[in-house]
Amino acid sequence: MPCERKPMRYGHSEGQTDVCFDDTGNFIVTCGSDGDVRIWESLDDDDPKSISVGEKAYSCALKNGKLVTAAANNTVQMHTFPEGEPDGILTRFTTNATHVAYNSSGSRVAAGSSDFMVKVVEVSDSSQQKTLRGHNAPVLSVTFDPKDEFLASASCDGSVVVWKIEEQTQVISWPLLQKSNDVTNSKSLCRLAWQPRVAKLLAVPVETTVQLYQRDSWALVSTLSDDLGTQPINVVAWSPCGKFLATGSIGGLLTVWDVEGKLCVDRQKHEKGYTVCGLAWHPSGTQIAYTDTEGCLGLLDGLSSSSSSSTMAIKSTKSYDDLFDDNDDDRPMDEGVSESGSPAKNLVALDDEDDDDLVPATGRARNRSAFLDDENSLDPGSLKLGLDKLGNYEDDAGSAIVLPAASAAPLHPVYEGPMPTPHQKAFQPGSTPAHLMHRFMMWNSVGIVRGYNDERDNAVDVEFHDTAIHHAMHLTNSLGHTLADLSHEAVLLACPSTDELASKLQCLHFSSWDTNKEWMVDLPKGEDVRAVCLGQGWAAAATSALMLRLFSIGGVQRELFSLPGPVVCMAGYGEQLLIVYHRGTGFDGDQALGVQLLLFGRNRQQVIQGEPLPISRRSHLSWLGFTAEGTPCFIDSEGVVRLLNRSLGNTWTPVCNTRDHCKGKSDHYWVVGVHENPQQLRCIPCKGSRYPPTLPRPAVAVLPFKLPLCQTTTEKGQMEEQYWRSVLLQNHFGFLSSSGYEIDEEAQSRAQKEQQELLMKMFALSCKLEREFRCVELAELMTQNVVTLAIRYASRSRRMALAQRLSELALEKANQLQGPEEEEEPLQYTRRNTGFCSQVSGGTGRSSAGGQPRATNVLDSMTSSSRKPTVLLGSSVSAGKLSKTPVLKPLAPRPKSKVPHPDRKQILMSHEPSALWVKYHVFVCVRPKTGFQLWLEENRKSILADNPDLEETDVIKEAMGRFRNLSAGDRLSWTERAKGDEGDLKKRKRAEESQGDDNGQNHSDENSAKKKKPLDTSAKLSAFAFSKN
Amino acid sequence: MDPSEVEFLAEKEVVKIIPNFSLDKIYLIGGDLGPFNPGMPVEVPVWLALNLKQRQKCRIVQPEWMDVDKLEEIRDLERKEETFTPVPSPYYMELTKLLLNHASDNIPKADEIRTLVKDIWDTRIAKLRLSADSFISQQEAHAKLDNLTLMEINTTRSFLLNSLNCMYKLRSNLQPGSSRGKSQDY
């Protein structure tokens, strides 16, 4: 016999087993009485993936990335494949289900149960069920008509029944089998099988033979029997091409039949003679996997050649083989075709190849996608092409020829468009999956809730990070709570409903001052809690009835409202409630989530009204919550952390990507908290998984934030990133103060100072890079007195045009601040600032009363503004110095018109030195003369001669223009001269700078007859600016 | 040096703890510690960690090297090599003893760790004895001992030095001529 029997290998503990292949044929899936489903990559796979589905698994079926199992807990469950994430319960019986089967398209599942019933359930919507009643004993097996019209079932009452699914009626019933009272007592499992594709024949194992019944006429057309088969046949399975039938019997005899010729083409004996109870064909028809009642898995390989050589016209077979060989050679081309045909699919495939993570959201897409790098896999594109060619050939030949086994592939139409993504399940942020025996039910900034659910114990442990809040608690979990939340006031627990009990919400209100520290609420029948959260003084529960129920922390029922979609998760903080729900169905791995943010404070309002939640592509939500400062924040499965930016119309800004910090591809960070001040992302590093185990106790690590700005390797990019991060993460100060919380003013002023320093640094950098326009843009972001520093910096680095623009900007800013000047700012820093502004604006107001507003005021106040007591000094003090700066000369001494006013710091002079003038004034007082000044000294007269009517300001403007027009060489020589002059000034420079105020004082006396010290902060910043210079 | 003195020095080593209380930075002569946030790991000297642990104010996070796999590796290497191999911490023995005595509930597989560290210690001390033996028997003038920890040196120092002194005296008495010369030097 050409067929090769591979050695058996241990798969499950002894008992009934079942086996199936996945759609691509890459995996063998087995289930057994140990309650595990194992996914084998091949028979030699030494480490098959195990999914625990229950105490015992009786039967499994797999299609479209959904694994359906009949388990001992009386349910038919669904899991994603290959991830193995639980995907819900399809249906329940009063006792265990015995057999499950998919229809050909995978849209429905049929399940037979020991409670005599057969149910047909829609995979997409398990509420759509059809129940077929009529058997009088446990159902042995079920099978779908490939055309989806009929369903056949066998029962222990001896009958094999064909049902019409839509009408839920019996079409025909044959009393074929021996009667028994239970599946375990039945001689044969009597797994029925319907011929795929053509759906002509129904194979029924009856004792040692297989009877074939014809569709529609329901007449017995043939019986396959073998003299060697002395034991009853347990299972039958059709080859995917529908030409061959494999049978497995109690004695371990495996037979492959050519149905047309009623010939036995292959016969194999189980190596130990154990009963075969599971049988499945590889989708290509070349292999048969089988399992026995001892839990072993076996494989028959190389079936195609044996079958094709049997009855078929050899010649034609050969030509087909050639055809397929050609196809194999042309594979790259075929791949190209398939790629262009379904770009989305291949994208998914590639995606999945470089990322072996367990992403439930993409599980489906992955399953139907071809694994391009796998030699054994059949590329759907190339296969289709091959079939097309074959079809042509058939037309030419004009004869009906059965396809060779190798070409056997499902022929149902392939939908190429985007596929809907299964909805992400509801979850509690900060919890690990519910199917784990030991799990975190909640880990947040308050504490940890752990759930244990093993043989010994079903309990909940509550532990607080800060033992000052409450001591640790240990509760027995008799209700089977699966959801939990923890706050400073209470522990909230919730359990789903069971057959008898309604879904319950239990609250341990430990901060209550009376003796009753606990309350419990039953939800209406049919309503399950999906997500819970706690806020300050309230608890919320979102239910399966798309309802949000609000309770006070003491147990009073409060508001309730409907949610726009099935909830994904919720988070509470203070008076804020954040809800994320399914807005609709996403496609190709994307989730379509919506978000609502509600405020329960004095002014109840909905801040975010169901806007889409921007999560990464092909990802799902993995954490939702508030930062410790109360800013909504979420994290998706791609590890991107996004923070709500309240100052930009409630947009979401990505602030960190935890994947950037992972060392390995399959490492993840499990986030437990986000802090804005200090900027910390608290999370638990998980090696090779998405969530941590409860033991050993995981340690928290801290990740920094980093905005994904461009070019963060450059100095500019780094500073920009720092600046915007600082701006974004101090948004919460505004929110907190507006909602009446105390804020850490020191921290806020620190943050603001940091921002201004960063702006100044960026300004200096741009100056160095000769980007003056950019300088002005940066200056627009600065506060007023930092702008004045920038002006100083600009003038020191001899950028006149820039300095002038900046002084205009400073004036604008002063005017803008005039409006809010009356408002009392909470911060010292700002208050100082506003004080400063009010001086300025006062001055401006005055001067505008007398004439037009002047930029001078700003600059004057820069040197003169302060809260320190003012000292009057005579202008004569500075006379000596003044003489050194001839530019100042034309200025007539200012009349000391003003007497210091005690209340308002009204220090500005009524006279009006021009903007430029004062700028030079500032300029000169801190620096030795420049080339321009020297030049001006010499050329002033000629300018005045040319334009005798010019005012001082205009003279300098004019002079500047002329100086610019000089040739570069000339200017250089002037600069050189200035440097010569500077030489003797150098010694003095340091003293001058250290006594900056003295200096400035003298000149401000000139102007304002007032002496003021510069601001502390600005002094610091100016020191910085000088050092940069 | 007394072993207790070495232990005292070891208590200056830094270890991570997870406090269950909240406290601002504390300013000590040796440096600032904290701030302490409940649930957030923070580095403190061993003496403070033990003190807090005894008052049930924190959980101690075991040092990275205090792990069964890593210690097994070190032990195997130590057994394989002739010379002393580098140890994970200059105070590995003291720290193991202190942490396991006071915080064994925070350290998984405490017993295994204790055994492994003891194994490493025994191996090293055996090597030390062996080298001291050959040092004396071959009458070497000096020996190079890398990667020894303070505690290990301490175990042998007083004994070795005293015995060397004794032997020196004995040997010098054996050679009367030279001994007279030497005594004159004194």
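The condition of being more than 27 Å from the chain's Cα centre (by Cα), within 22 Å of A:A154 (Cα to Cα) and in a loop (DSSP other than H, G, I, E, B) holds for only one of A:S104, A:S59, A:S42, that being A:S104. Scan the stretch A:1-38 for residues that are part of a strand (DSSP E or B), open to solvent by 20 Å² or more (accessible area, probe 1.4 Å) and closer than 19 Å to A:K269 by Cα and jot them down. Selection gives A:E4, A:R5, A:R9, A:Y10. Here A:L802 fulfils each of the conditions (1) open to solvent by less than 30 Å² (accessible area, probe 1.4 Å); (2) within 34 Å of the chain's Cα centre (by Cα); (3) not basic (K, R) apart from (2). Kindly indicate whether any position in the stretch B:95-102 is farther than 28 Å from B:A143 by Cα, away from chain A (no Cβ under 14 Å) and among the hydroxyl-bearing types (S, T, Y). There is at least one residue in the stretch B:95-102 that is farther than 28 Å from B:A143 by Cα, away from chain A (no Cβ under 14 Å) and among the hydroxyl-bearing types (S, T, Y).
Out of everything in the stretch A:662-677 that is surrounded by 14 or more Cβ atoms within 10 Å (Cβ to Cβ) and farther than 19 Å from A:L621 by Cα, what residue ends up being nearest to the other protein chains (Cβ to nearest Cβ)? Working first, answer last.
Taking the stretch A:662-677 and keeping what is surrounded by 14 or more Cβ atoms within 10 Å (Cβ to Cβ), we get A:662, A:666-677.
Keeping just the survivors that are farther than 19 Å from A:L621 by Cα gives A:675-677.
Working: A:H675: 9, A:E676: 14, A:N677: 12 Å.
That would be A:H675.
A single member of A:R659, A:R690 is away from chain B (no Cβ under 14 Å), buried (at least 17 other Cβ atoms within 10 Å of the Cβ) and out of contact with any helix residue (DSSP H, G or I) (no Cβ under 7 Å at 6 or more places or on another chain), and it is A:R690. Summed over the stretch A:131-143, the residues that are open to solvent by 10 Å² or more (accessible area, probe 1.4 Å) and part of a strand (DSSP E or B) give a count of 2.
Evaluated against (1) touching a residue at least 40 places away in the same chain (Cβ under 8 Å); (2) farther than 30 Å from B:K16 by Cβ; (3) open to solvent by 70 Å² or more (accessible area, probe 1.4 Å), A:E770 falls short on exactly one condition, (1).
A:A764 meets the stated requirement of being among the small types (G, A, S), closer than 14 Å to A:K716 by Cβ and crowded, with 19+ Cβ neighbours inside 10 Å. Of the residues that make up the stretch A:644-656, is at least one more than 20 Å from B:M40 (Cβ to Cβ), in a loop (DSSP other than H, G, I, E, B) and open to solvent by less than 10 Å² (accessible area, probe 1.4 Å)? Checked against the condition, which is being more than 20 Å from B:M40 (Cβ to Cβ), in a loop (DSSP other than H, G, I, E, B) and open to solvent by less than 10 Å² (accessible area, probe 1.4 Å), the stretch A:644-656 yields no hits at all.
Picking from residues in the stretch B:49-73 that are surrounded by fewer than 21 Cβ atoms within 10 Å (Cβ to Cβ), more than 14 Å from chain A (Cβ to nearest Cβ) and in contact (Cβ under 8 Å) with a residue 24 or more places away in the chain, the one that is nearest to A:V702 (Cα to Cα) is B:W65.
Of all residues in the stretch A:562-590, those that are within 18 Å of A:E629 (Cα to Cα) and of a type in the set (D, E, K, R) have Cβ atoms under 8 Å from Cβ atoms of residues that are open to solvent by 20 Å² or more (accessible area, probe 1.4 Å) and part of a strand (DSSP E or B), 6 or more apart or on another chain, in A:E575/A:L599. The set of residues in the stretch A:430-458 that are part of a strand (DSSP E or B) and open to solvent by 60 Å² or more (accessible area, probe 1.4 Å) comprises A:H438, A:N453.
Taking the conditions (1) open to solvent by 70 Å² or more (accessible area, probe 1.4 Å); (2) within 14 Å of chain B (Cβ to nearest Cβ) in turn, A:A701 satisfies each one other than (1). Taking the listed residues A:F600, A:F626, the one that is on the phi < 0 side of the Ramachandran plot, aromatic (F, W, Y) and in contact with an Asp or Glu (Cβ under 6 Å, 6 or more places away or on another chain) is A:F600, with no other qualifying. Given the options B:F84, B:F8, name the one that is away from chain A (no Cβ under 14 Å) and in a helix (DSSP H, G or I). Just a single option satisfies the conditions, and that option is B:F8.
With the requirement that a residue be in contact with a Ser or Thr (Cβ under 6 Å, 6 or more places away or on another chain), at negative phi and either buried (at least 24 other Cβ atoms within 10 Å of the Cβ) or in a strand (DSSP E or B) (or both), what does the stretch A:251-291 give you? Result: A:T255, A:D258, A:C264, A:V265, A:D266, A:R267, A:C277, A:G278, A:W281, A:T291.
Hey, can you tell me all the residues within the stretch A:445-482 that are within 11 Å of chain B (Cβ to nearest Cβ), over 17 Å from A:L534 (Cβ atoms) and not polar (S, T, N, Q)?
Quick first cut of the stretch A:445-482, residues within 11 Å of chain B (Cβ to nearest Cβ) only: A:445-448, A:463-469, A:471-472.
If we keep only those that are over 17 Å from A:L534 (Cβ atoms) as well, we get A:467-468, A:471-472.
Those that are within 11 Å of chain B (Cβ to nearest Cβ), over 17 Å from A:L534 (Cβ atoms) and not polar (S, T, N, Q): A:A468, A:H471, A:A472.
For A:A152, indicate whether it is outside any strand (DSSP E or B), modelled with pLDDT of 85 or more and hydrophobic (A, V, I, L, M, F, W, C). Considered against the rule, which asks whether it is outside any strand (DSSP E or B), modelled with pLDDT of 85 or more and hydrophobic (A, V, I, L, M, F, W, C), A:A152 comes out as no. Residues that are more than 18 Å from A:A426 (Cα to Cα) and assigned to a loop (DSSP other than H, G, I, E, B) within the stretch A:459-482 comprise A:H465, A:D466, A:T467, A:A468, A:I469, A:H470, A:H471, A:A472, A:N477, A:S478, A:L479, listed in sequence order. Take the conditions (1) modelled with pLDDT under 90; (2) within 13 Å of another protein chain (Cβ to nearest Cβ); (3) closer than 18 Å to A:A531 by Cα; A:H435 misses just one of them, which is (2).
Would you please list the contacts, defined by Cβ atoms under 8 Å and residues six or more apart or on different chains, that run from a residue in the stretch B:29-42 that is more than 8 Å from chain A (Cβ to nearest Cβ) to a residue that is of a type in the set (S, T, N, Q) and outside any loop (DSSP other than H, G, I, E, B)? From the stretch B:29-42, no pairs qualify.
Does the stretch A:729-751 contain at least one residue that is under 20 Å from A:H661 (Cβ atoms) and away from chain B (no Cβ under 13 Å)? Spell out how you get there, then give the answer.
If we filter the stretch A:729-751 for residues that are under 20 Å from A:H661 (Cβ atoms), which is where we start, we get A:729.
Retained after the next criterion (residues that are away from chain B (no Cβ under 13 Å)): A:729.
For the stretch A:729-751, residues under 20 Å from A:H661 (Cβ atoms) and away from chain B (no Cβ under 13 Å): present.
Only one of these conditions is not met by A:Q680: (1) over 20 Å from A:A747 (Cα atoms); (2) within 14 Å of another protein chain (Cβ to nearest Cβ); (3) polar (S, T, N, Q). Which number is it? Failing condition for A:Q680: (1).
Here A:L501 fulfils each of the conditions (1) within 14 Å of chain B (Cβ to nearest Cβ); (2) at pLDDT below 90 apart from (1).
Residues that are surrounded by 16 or more Cβ atoms within 10 Å (Cβ to Cβ) and part of a helix (DSSP H, G or I) are absent from the stretch A:740-747. Scanning the stretch B:104-136 for residues that are more than 24 Å from B:K80 (Cα to Cα), open to solvent by 80 Å² or more (accessible area, probe 1.4 Å) and either assigned to a helix (DSSP H, G or I) or of a type in the set (V, I, T) (or both) turns up just one, B:D105. Looking only at residues in the stretch A:705-722 that are assigned to a helix (DSSP H, G or I) and touching a residue at least 40 places away in the same chain (Cβ under 8 Å), the one that is surrounded by the fewest Cβ atoms within 10 Å (Cβ to Cβ) is A:E715.
The values are calculated or read from the model by the stated rules, or taken from the named source; none is laboratory data. No experiment lies behind these values; they were computed from the predicted model shown. Ideal geometry is used to build each Cβ from the backbone, glycine not excepted, and the neighbour counts take in all protein chains shown. Calculation scope for accessible area: heavy atoms of the full protein, side chains included, ligands and nucleic acids excluded. Shrake-Rupley method; radii C 1.70, N 1.55, O 1.52, S 1.80 Å.
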